[in-house]
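One structure is given here, and the rest of the page talks about it.
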Amino acid sequence: MQRYFLPPEQFHAATQTVTIEGDDAHHLGRVMRAEVGDKVICSNGVDREVLVRISHLDKGAVTAEIVEELAMDAEASVDVWIAQSLPKGDKMELIIQKGTEIGAARFLPFLSERTIVQYDAKKEAKRTERWQKIAKEAAEQAHRNRVPQIESVYSWKQLLQRAKEADVAWICYEKEDGQQLKPAIQSAIAAGQIEPGKQVLIAVGPEGGFTEQEIKQAEEAGFRSVSLGNRILRTETAAMVGLTCLFYETGEMGG
Ligand code: SAM
């Protein structure tokens, strides 16, 4: 069933209806060729998800009556923030799409010493808007209750600061020969640092990786350096592995 994330102001308590507007109205009317009486799911992306029945369609907006409040049970119990050093090309779009499908709560793009892509602040707003749209579409496709937040690009120092707000912060480092991811997850769970409602930040370097200096700075700032195994993963693969392993260990896939 089609699903749309709507801003809270498009939920109308007095009439127990919602209005679907803009691109979503176009998609519903023109692409899906919806008719009066058809049902779709609408979410405010925070704490409310409803089944609605279309009552009126016109070019720019669709009105639908709320017929049922739905359970919000599609989100992971732990909030995972993927901190990704800006990769080349459109890899960030892939990371956002796949990370959203798997269940990431936030994406924190950042710049590090070996970030190759030229960062242009003027293009930031447009790019973040495009990334946020990708997150919304991936969240709709994945039947999530929430759309992950795409934050603005951080400098390295700003990321180290931001990470202090997470309950656990890991930096993925292929040269880490001590701490493997699985025991790191298990000891954090045992210590109560990972449990429902907690935030876990997973940082991944660019194509050229992190410098030793950056790893040292990250550890001084409270990160733990973790290995994702003996193979070198592409920058766009690493966060997916970390995210999936964490969810496996926290029971998102059962057990
Ligand atoms: N230094 C790597 C090399 O020799 O090709 C390049 C970095 S790798 C392509 C990109 C990022 O993915 C790294 O900065 C790291 O964050 C993460 N990564 C890749 N493989 C990893 C592994 N086995 N363990 C931990 N992190 C890994």
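The values are calculated or read from the model by the stated rules, or taken from the named source; none is laboratory data. As the structure is a computational prediction, the values presented were derived from the model and not from experiment. For neighbour counting, all protein chains shown are included, and Cβ atoms are generated from backbone atoms with ideal geometry for every residue, glycine included. SASA here: full protein model, heavy atoms, side chains in, ligands and nucleic acids out. Shrake-Rupley method; radii C 1.70, N 1.55, O 1.52, S 1.80 Å.
A Förster radius of 35 Å, combined with the Cβ-Cβ distance separating Arg33 from Ala13, puts the computed FRET efficiency at roughly 0.75. In this rough spin-label picture, where each label sits 7 Å from Cα along the Cβ direction, the Met72-Val46 distance is 0.9 nm. Within the same chain, aspartates and glutamates fewer than 8 places from Lys133 are excluded, and of the rest, those with a Cα less than 16 Å from its Cα are Glu21, Asp23, Asp24, Asp90, Glu93, Glu101, Glu124, Glu151.
DSSP assigns beta bridges within the chain; of those with both partners inside it, close to 45 percent run antiparallel. Of all aspartates and glutamates in the structure, the ones whose alpha carbon falls short of 12 Å from that of Lys39, not counting any fewer than 8 places away in one chain, are Glu65, Glu68. Residue order by solvent-accessible surface for Ser152, Ser225 is Ser152, Ser225, largest first, with ligands and nucleic acids left out and a 1.4 Å probe.
To make sure I understand the rule: partners must be lysines, Cα under 26 Å from the Cα of Lys216, and not fewer than 8 residues away in the same chain. Which ones qualify? Within reach: Lys88, Lys157, Lys164, Lys175, Lys182, Lys198.
Under the convention that each Lys and Arg Cβ holds +1 and each Asp and Glu Cβ holds -1, the size of the dipole of the chain around its Cα centre is about 620 debye. Its DSSP H runs of at least 4 residues, each contributing -39,500 (n - 2.57), put the calculated 222 nm mean residue ellipticity of the chain at -9500 deg cm²/dmol, to the nearest 500.
Shape verdict for the range 79-249, please, from the Cα gyration tensor: rounded (a/c under 1.5), prolate (a/b greater than b/c) or oblate.
On the way: a/c = 1.59, a/b = 1.15, b/c = 1.38.
Judged from the Cα gyration tensor, the range 79-249 comes out oblate (a/c at least 1.5, b/c at or above a/b).
Considering only C-alpha atoms, what is the centroid distance from the range 197-255 to the range 121-139, in Å? Each part's Cα centre sits 23 Å from the other's.
Just to make sure I understand: if all protein chains stay in place, what is the order of Asp58, Asp24 by accessible area at 1.4 Å, largest first? Each step should come with its number before you reach the end.
Values: Asp58 85, Asp24 25 Å².
The ranking, largest first, comes out as Asp58, Asp24.
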